[in-house]
Amino acid sequence: NERSVMSEQKMPAINQVALSGYLTEERKFRYTGHGGARLQARLLFSRPYRDDDGCWQEEISFFDFILVKKSAEYFAERLHKRIYVFVTGRLKSHVWKDEEGDTLLRVEVVRNPQILEETEEKMVSRIS
């Protein structure tokens with residue numbers, strides 16, 4: 001029966017994202033209590049679009065990304081505020097309650113970045 005075969009097939013579990021943008025602050029690098037390296041950085045993603053009136057608008061989003069182990073150590077000296085990076089990885093969410101009992105959610109990208117060797121000043125001067 002074709003219907004029973006279709007119901008037995010499962011969709012693959014895909015968790016993959018790719019983002020590019022500027023680092024908005026200096027990265028945070030530390031060694032964990034277990035001695036493993038951990039690097040956290042925040043990426044600014046800007047998406048231009050036209051609104052209903054045809055005027056250009058800009059949607060800005062911020063995403064944290066996490067590097068661990070050898071990739072954290074490797075990029076610790078290479079990632080700095082205003083560097084343009086391309087990050088691919090998987091999404092990981094954290095849910096917790098704050099002091100007032102409100103539930104908070106943070107979604108991070110976990111994986112390896114590639115540094116695109118262009119600072120914001122270089123890009124602006126090239127476009128101007």
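The values are calculated or read from the model by the stated rules, or taken from the named source; none is laboratory data. In this text the structure is predicted, and so the values were computed from the model without any measurement. Note that each Cβ is placed from the backbone with ideal geometry, even for glycine, and that neighbours are counted across all protein chains shown. In case anyone asks, the SASA skips ligands and DNA or RNA and just uses the protein heavy atoms, side chains included. Shrake-Rupley method; radii C 1.70, N 1.55, O 1.52, S 1.80 Å.
Can you tell me which residue among E77, E26, E58, E73 is at negative phi, touching a His at 6+ places or on another chain (Cβ under 7 Å) and open to solvent by 60 Å² or more (accessible area, probe 1.4 Å)?
Matching residue, one of E77, E26, E58, E73: E26.
With a cut-off of at least 3 residues that are of a type in the set (A, V, I, L, M), name the strands (runs of 3 or more DSSP E) lying wholly within segment 30-120. Before the answer, list the steps.
On the way: elements: 37-50, 56-68, 83-97, 103-110, 113-119.
Passing ranges, in order: 37-50, 56-68, 83-97, 103-110.
Is at least one residue of segment 48-65 under 18 Å from the mean Cα position of the chain (by Cα), β-branched (V, I, T) and either at pLDDT 90 or above or closer than 15 Å to V110 by Cα (or both)?
yes
Of the residues that sit in segment 10-29 and are basic (K, R) and either assigned to a loop (DSSP other than H, G, I, E, B) or in contact with a Pro (Cβ under 8 Å, 6 or more places away or on another chain) (or both), which one is modelled with the lowest pLDDT?
If we filter segment 10-29 for residues that are basic (K, R), which is where we start, we get 10, 27-28.
Keeping just the survivors that are either assigned to a loop (DSSP other than H, G, I, E, B) or in contact with a Pro (Cβ under 8 Å, 6 or more places away or on another chain) (or both) gives 10, 27.
Values: K10: 77, R27: 93.
So the residue we want is K10.
Check I66, I60 and return the single one that is of a type in the set (A, V, I, L, M, F, W, C) and without any contact (Cβ under 8 Å) to a residue 24 or more places away in the chain. Before you say what the answer is, go through the steps one by one.
Working: I66 fails: without any contact (Cβ under 8 Å) to a residue 24 or more places away in the chain.
Exactly one residue qualifies, and that residue is I60.
Restricting attention to segment 84-105, and to residues there that are open to solvent by less than 60 Å² (accessible area, probe 1.4 Å) and touching a residue at least 24 places away in the same chain (Cβ under 8 Å), which single residue is farthest from N15 (Cα to Cα)?
This residue is Y84.
Which of the numbered conditions does E108 fail, given that it passes all the others? Conditions: (1) over 16 Å from the mean Cα position of the chain (by Cα); (2) open to solvent by less than 50 Å² (accessible area, probe 1.4 Å).
Of everything listed in (1) over 16 Å from the mean Cα position of the chain (by Cα); (2) open to solvent by less than 50 Å² (accessible area, probe 1.4 Å), E108 misses just condition (1).
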